[in-house]
Amino acid sequence: MRPAGRAETDSLYFDYPYFPFVRPPELEGQALRHRVAIVGAGPVGVTAALELARHGIASVVLDDKATVNDGSRAICISRHSLEILQQLGVDVPFAEKGLGWTQGRTYFRDREIYRFRMPHSDQERFYPMVNLQQQYIEQFLIDKAEESELIELRWQQSITGVTQGDAGVTLTVSTPEGDYRLAADYLLAADGARSAVRKAFSLPLRGEAYEGRYVIADVRLASVFPTERRAFFHSHALPDTTILVHKQPDDIWRIDYQLGPDEDPEQAVEEANIRAKVELIVREVMHESDAWELEWWSLYKAYTLALDDYRHGRVLFIGDSAHLVPIFGVRGLNNGLADAANAGWKLACVLNGQASDRLLDSYSPERRGATLDVFANAGKSTRFMTPPTRGYALMRDAALALAYHNDYASGFANPRQVTPYTYAESPLTLADDIGFEAGPVPGAPLINRRLGENDFLLDHLASGFTLLHFSGTGEVEPALLQRIEALRAKGFDLTLLRIAREPGDEDALLDPDGRLFAGYGAASGTAYLARPDRHVAARWKTLDPAALDHALNLAQGWALGGE
Ligand SMILES: O=C(O)CCc1cccc(O)c1
């Protein structure tokens, strides 16, 4: 919602683009067959299209709007997401425009009782978290997609029906100039919480709805306060209201405040009421004295809801169409981007003939597993932010009071920020080699290490599978090189990345201070097999070349059976 007199896309800081309707060839009677159709050109849908394009797969993306989503909505992008965006070649505008941050504070009765710091060091290319309004997120992704010959964006086109058979999916699409049918091998449903695709197949979301409601308001306010997360419980000005504050680019501040159990949500979102509450928060809680302007607001209620299975035949559900998670801990968009990367590389492997369709069966266990993990963590955060019963409220307040008086108890106020999920139980992940004492375990994402001033390990990953091989000077035994060649000849997309402890081979990455070796628990002969989404498929303290075939077969889903 926007202040009276301003249209939905009349922003104080963002120029909403206009995406015209272009008549698709199907309306001219052409019978086309697309490899992948994606419904929804939001951040998750466009990320999936970019991931497919990275592997040479064309897609058509449909969206009913003529611009990006209104309002800033999701605002916190995790390091893991930035690493996904880096692989798509679109990280630079995010890092340039976004506000990086590393810490947050929790206040109880206006006193700081807890400060959390997210892991960060000069070994990382990206901040643990970057704040950026969703309009920019969408704009940057769309700009990148428009550069690709493999992505066709179709605006102002809505889905009115979906059917599927053994060979493909058919969408009925409504446009300003008539309806048409669109045929595709596979469909990615990225059409959000109210997914038309999910409804067309009558697939229910299951889980919980939380009681508490929040107002989410963006204001423009010049302030030198650093970019941090601030959570206020029982402030003197608003003792019954939990408040969250985040800084965004362009002097925009996100203020989330809880509504009391007796407050009428409809009245709460009336402009005059929003202004009165925000004024109190800006002056008495944030202690800012400058003038502020109201930009946008919305009402929010937390859910932990998910589909039973994110795969439905030739349809994969990604992002909010598959699951709704609470905002607390910033897992919604970040989880959706990881869905897009996961579904994207797997679908590309299948369509490129490198894997059977059964590889797609691993999408739901991996990403639904991640969602259930989010439910466990975000559920705790949500009960802390919006206690569902009087009993919970009493316990929450007791924990805060304990933290108020005792440093040892301050961890109760930890907001549990998002961390990337480890696919340890995945059918694609090989059991760990017990020889390791450090390094990312199988299923976890690779960790970054600095190699030079503007040079990091993750900058060097291939688009397919990467075998990171550690040695003294970059040497690799001939049997392993032959094995890799043989696997490539069989169609596996595998790249060798050599990491040397000593100089001598200029094609190998050099780890002069030994931090990369240490971070990976590596010795000469150690190897990690990384999937296209940077998750570790397997690792060996000393790689026996014959072991590589099994790990790669497993990681590409061949052990899952099928044709
Ligand atoms: O800091 C948090 O836990 C939530 C931050 C957030 C994320 C998305 C929307 C929003 O209003 C706040």
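Tabulated values for the structure
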| item | result |
| --- | --- |
| Of every Cα-Cα pair in region 450-560, the percent that sits beyond 22 Å | 27 percent |
| Region 252-353, Rg to Rh (Cα coordinates; Rh as Kirkwood inverse mean 1/r) | 1.16 |
| Label-to-label distance, nm, for residues given as Glu211 and Gln482 (7 Å Cα→Cβ offset) | 7.0 nm |
| Kirkwood-based shape ratio for region 103-236, expressed as Rg/Rh from alpha carbons | 1.09 |
| Peptides 57-64, 383-390 ordered by average Cβ neighbours within 10 Å, highest first | 57-64, 383-390 |
| Partners for Lys301 among lysines (Cα-Cα distance below 26 Å; same-chain residues under 8 apart left out) | Lys65, Lys199, Lys247, Lys277, Lys380 |
| Around Pro365: net Lys/Arg minus Asp/Glu count, Cβ-Cβ under 10 Å | -1 |
| Residues in region 212-234 reached by a label modelled at His287 [backbone nitrogen below 17 Å; 7 Å Cα→Cβ] | 223-234 |
| Net charge of neighbours whose Cβ lies under 12 Å from the Cβ of Thr473, counting Lys and Arg as +1 and Asp and Glu as -1 | -4 |
| Rg(Cα)/(2.2 N^0.38 Å) for the chain, N = residue count | 1.01 |
| Gap separating the Cα centres of region 492-563 and region 405-482, nearest whole Å | 11 Å |
| Extension gain, Thr172 back to Asp264 (0.36 nm per residue minus Cα-Cα distance, nm) | 29.1 nm |
| Given charges at Cβ of Lys, Arg, Asp, Glu: the chain dipole, positive-most of Trp253, His236, Cys76 | His236 |
| Debye intensity ratio I(q)/I(0), log10, region 108-156, q values 0.18, 0.32 Å⁻¹ (C-alpha model) | -0.82, -1.14 |
| Backbone N under 20 Å from the Ser121 label point (7 Å along Cα→Cβ), restricted to region 447-486 | 447-460, 470-471 |
| Approximate spin-label separation Ile434-Leu32, in nm, with each point projected 7 Å along Cα-to-Cβ | 5.6 nm |
| Per-peptide average of other Cβ atoms within 10 Å, ordering 422-430, 198-206 highest first | 422-430, 198-206 |
| Positive-end residue, the chain charge dipole about Cα centroid, Cβ charges, pick of Leu496, Ile434, Pro20 | Ile434 |
| Rel. contact order, % - alpha carbon contacts under 8 angstrom, at least six apart, the chain | 15 percent |
| Dipole magnitude (debye, nearest 20) for region 210-264, charges at Cβ of Lys, Arg, Asp, Glu | 320 debye |
| Additional length obtainable on full extension of the chain from Leu372 to His460, 0.36 nm per residue less Cα span | 28.5 nm |
| Simple Cβ-charge dipole of the chain, Lys/Arg +1 and Asp/Glu -1, about Cα centre, in debye nearest 20 | 1160 debye |
| 5 angstrom amide H check on Leu153, placed H, neighbours 5+ away | Val61 |
| Cα-based shape type of region 5-67, given that a ≥ b ≥ c are square roots of the gyration tensor eigenvalues and the cut on a/c is 1.5 | oblate |
| Residue-averaged 222 nm ellipticity for the chain, from DSSP H runs of 4+ at -39500 (n - 2.57), nearest 500 | -8000 deg cm²/dmol |
| Projected area averaged over orientations for region 78-152, convex hull of C-alpha atoms, nm² | 6.5 nm² |
| Part-to-part distance (alpha-carbon centres) for region 136-154 and region 286-310, which is given in Å | 26 Å |
| Residue among Tyr310, Leu543, Pro93 farthest towards the positive dipole end of the chain, charges placed on Cβ | Tyr310 |
| Proximal charge balance of Ala291 [Cβ under 14 Å; K/R count +1, D/E count -1] | -3 |
| 30 Å Cα-Cα reach of Lys541 towards lysines, excluding residues that sit fewer than 8 places from it in its own chain | Lys346, Lys490 |
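We did not get these values from a lab; they are worked out from the coordinates using the rules stated. This is a predicted model, so every value here is computed, not measured. Glycine also receives a Cβ, built like all others from the backbone with ideal geometry; neighbour counts cover every protein chain displayed.
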